[in-house]
1. Equivalent ellipsoid semi-axes for the stretch 66-132, as square roots of 5 times the alpha carbon gyration tensor eigenvalues: give them largest first, rounded to whole Å.
2. Mind listing the phi-derived Karplus ³J(HN,Hα) values for the stretch 112-119, rounded to whole Hz, using 6.51, -1.76 and 1.60 with θ = phi - 60°, and x for any glycine or proline?
3. Take each of the peptides 90-100, 114-124, 52-62, average the number of other beta-carbon atoms within 10 Å over its residues, and list them starting from the highest.
4. Note down the net charge around Glu46, summing +1 for each Lys or Arg and -1 for each Asp or Glu among other residues with Cβ under 14 Å from its Cβ.
5. Using θ = phi - 60° and the Karplus relation 6.51 cos²θ - 1.76 cosθ + 1.60, list the HN-Hα couplings for the stretch 58-65 in order, rounded to whole Hz, with x at every Gly or Pro.
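Every number here is computed from the coordinates shown, using simple stated rules; none is lab data. Just so it is clear, the structure is predicted and the values come from calculations on it, not from any experiment. Counting neighbours? That spans all protein chains shown, and the Cβs are built from the backbone with ideal geometry, glycine included.
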Amino acid sequence: MNYLTNAALIGVAATVALSGQVRDSKDLCSPNTGKKKLISMVSAEEFFNNGREFDIKGQHQEAIIEYTQAIQLDPNYVEAYFYRGNAFALEGQPQEGIEDLQKAASICESRGQSEWAAVMRQHEEMIQEGIEDGEF
């Protein structure tokens, strides 16, 4: 499978799935505990949304910076790890991408979200295949 050429299509499918999950479950990205945590969650979400805007424009380095800010504010922000991992891969840093997808899968597993963990593992495998096929 060609990761680089299929990443956009797969990312769109995952976007819909992940976005649907967020709408259905407010605690996917962060627990809603305490006022300070709520403020951090809003800020993390703003950085994440900025990252998505950069990603859509193909500005992956800028997106990585925004996703990193979101993760610093909310270390359990699954979507930020997922999209940063894909951005890393698209920028020729596949090992960093794999590490982010592993972290996202681990968070999902700790929450009992095995389906989401499987999605993260699939993307990890696709990047690994891209490495083996010499795409990076």
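1. Over the Cα atoms of the stretch 66-132, the semi-axes work out to 18, 16, 7 Å.
2. The phi angles translate into x, 9, 5, 5, 5, 4, 5, 4 Hz.
3. Most protected by this proxy first, the peptides run 90-100, 114-124, 52-62.
4. Counting the neighbours of Glu46, the net charge comes to -4.
5. Here the 3J(HN,Hα) series is x, 9, 5, 4, 5, 4, 4, 4 Hz.
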